[in-house]
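Data block below; observations after.
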Amino acid sequence: MTVIVNGHSWELPHGATLADVLERLGAPSCGVAVALDGAVVPRASWPGTALWEGASVEVLTAVQGG
Amino acid sequence: MADDPLVIAGREFGSRLVLGTGGASNLAVLEQALLAAQTELTTVAIRRMDTGARTGVLDVLRRHGIEPLPNTAGCRSAAEAVLTARLSREALGTSWVKLEVIADDRTLLPDPIELLDAAEQLVEDGFTVLPYTNDDPVLARRLADAGCAVVMPLGSPIGTGLGIRNPHNIEMIVAQAPVPVILDAGIGTASDAALAMELGCDAVLLASAVTRAEDPPRMAEAMRLAVQAGRHARLAGRIPQRFWARASSPDP
């Protein structure tokens with residue numbers, strides 16, 4: 001299935017979860033937040049959140065700014 | 001100054017200078033500037049994590065015990081700002097947010113209608129909201145009434161370094177604000193920061209004036225001293241301005 005991660009198309013196996021996306025991104029263990037189709041998903045729910053065809057995942061972190 | 005803390009939402013800060021992290025050419029210079037400013041609170045932005053991206057700025061802040069204040073920079077609508085604030089709360093574990101809702105890229109001025117809407121939603125959701133606002137006393141009052149922890153009027157547009165274009169408006173905001181007033185945006189040099197404090201602001205938030213100066217750590221030091229000097233002058237009570245001279249030596 002195709003999932004959009006930070007604006008890029010990713011091919012993932014069926015049953016892939018948010019935790020799989022974060023692992024493939026190499027996300028650090030803290031300082032990261034995830035939105036799935038525009039809604040915040042708490043860290044504790046990442047492993048149990050299965051993705052679907054066309055899902056849009058945003059992975060965000062703090063950068064210099066303001 | 002040690003017994004004159006800034007109190008925001010019940011939390012005390014010894015420093016009245018909030019130095020933002022935006023605009024620094026590299027992390028080493030930013031770190032030196034943050035230390036020279038002796039800032040205890042600093043803004044960070046929330047952006048997409050690209051493969052290989054590192055949260056370098058958070059490491060610097062953690063190392064020195066500086067509290068990150070996430071902003072909603074770049075947001076154009078209340079909905080976007082509220083989502084960004086919720087993401088920052090999840091990412092950083094803080095319910096404090098510098099709320100920015102910008103009208104357009106050219107002026108980067110706040111959109112007052114979206115700003116107030118977002119502020120109300122975030123207060124309702126339990127956030128400690130620090131809104132970046134226009135130098136409009138009426139809007140500032142509405143934001144405070146909505147439950148914002150501070151109000152942060154601009155001196156002039158973000159990144160212009162034009163200083164405080166309407167000092168009287170800032171004084172009116174200070175005169176009727178039930179919460180601390182933080183002058184945010186437009187500071188160009190140390191005298192602007194001192195003026196903000198002389199006008200009665202409780203703190204100053206700036207970034208570009210330091211991070212884009214030729215010598216950022218030195219400008220950070222200048223800003224720290226200016227904020228302290230301005231605070232002292234405000235508390236000391238300046239002399240009234242007079243039209244004619246008044247001798248300070250006894251008559252001959």
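Since every read-out is calculated from the coordinates, none of them should be taken as a lab result. Here the structure is a predicted model, which means the values were calculated and not measured. When we count neighbours, we look across all protein chains shown, and the Cβ atoms used for this are built from the backbone with ideal geometry, even at glycine.
Apart from one condition, B:Ile164 fits all of (1) surrounded by 21 or more Cβ atoms within 10 Å (Cβ to Cβ); (2) part of a helix (DSSP H, G or I); the exception is (2). Of the residues making up region B:89-104, those that are crowded, with 18+ Cβ neighbours inside 10 Å, of a type outside the set (A, V, I, L, M) and more than 7 Å from chain A (Cβ to nearest Cβ) number 3.
Can you tell me which residues in region A:40-59 are assigned to a strand (DSSP E or B), at the interface with chain B (Cβ under 8 Å from one of its Cβ atoms) and either over 10 Å from the mean Cα position of the chain (by Cα) or more than 13 Å from B:Arg48 (Cα to Cα) (or both)? Residue satisfying the conditions is A:Val40 alone.
Exactly one residue out of B:Ala209, B:Ala175, B:Ala229 is outside any loop (DSSP other than H, G, I, E, B), of a type in the set (Gly, Ala, Ser) and surrounded by 19 or more Cβ atoms within 10 Å (Cβ to Cβ): that is B:Ala209. Based on what the data block shows, is B:Asp145 over 24 Å from B:Leu30 (Cβ atoms), touching a Pro at 6+ places or on another chain (Cβ under 6 Å) and of a type in the set (D, E, K, R)? Answer is no for this residue.
If you check A:Val3 against the conditions, is it surrounded by 11 or more Cβ atoms within 10 Å (Cβ to Cβ), away from chain B (no Cβ under 14 Å), part of a strand (DSSP E or B) and touching a Leu at 6+ places or on another chain (Cβ under 8 Å)? Here the answer is yes, as A:Val3 does meet what is asked. Residues that are in a helix (DSSP H, G or I) and within 9 Å of chain A (Cβ to nearest Cβ) were ranked within region B:27-58; the one that is farthest from the chain's Cα centre (by Cα) is B:Gly56.
Look at B:Thr107 and say whether it is within 14 Å of chain A (Cβ to nearest Cβ), in a loop (DSSP other than H, G, I, E, B) and surrounded by fewer than 16 Cβ atoms within 10 Å (Cβ to Cβ). Answer is no for this residue.
Restrict the check to region B:232-244 and report whether at least one residue is touching a strand residue (DSSP E or B) at 6+ places or on another chain (Cβ under 6 Å) and surrounded by 14 or more Cβ atoms within 10 Å (Cβ to Cβ). So far as region B:232-244 goes, no, none of its residues is touching a strand residue (DSSP E or B) at 6+ places or on another chain (Cβ under 6 Å) and surrounded by 14 or more Cβ atoms within 10 Å (Cβ to Cβ). Quick check, is A:Val32 closer than 25 Å to B:Ala45 by Cβ, more than 9 Å from chain B (Cβ to nearest Cβ) and not polar (S, T, N, Q)? Against the criterion (closer than 25 Å to B:Ala45 by Cβ, more than 9 Å from chain B (Cβ to nearest Cβ) and not polar (S, T, N, Q)), A:Val32 does not qualify. On the stretch given as region B:1-37, residues that are more than 20 Å from B:Glu214 (Cβ to Cβ) and either buried (at least 16 other Cβ atoms within 10 Å of the Cβ) or among the aliphatic types (A, V, I, L, M) (or both) total 10.
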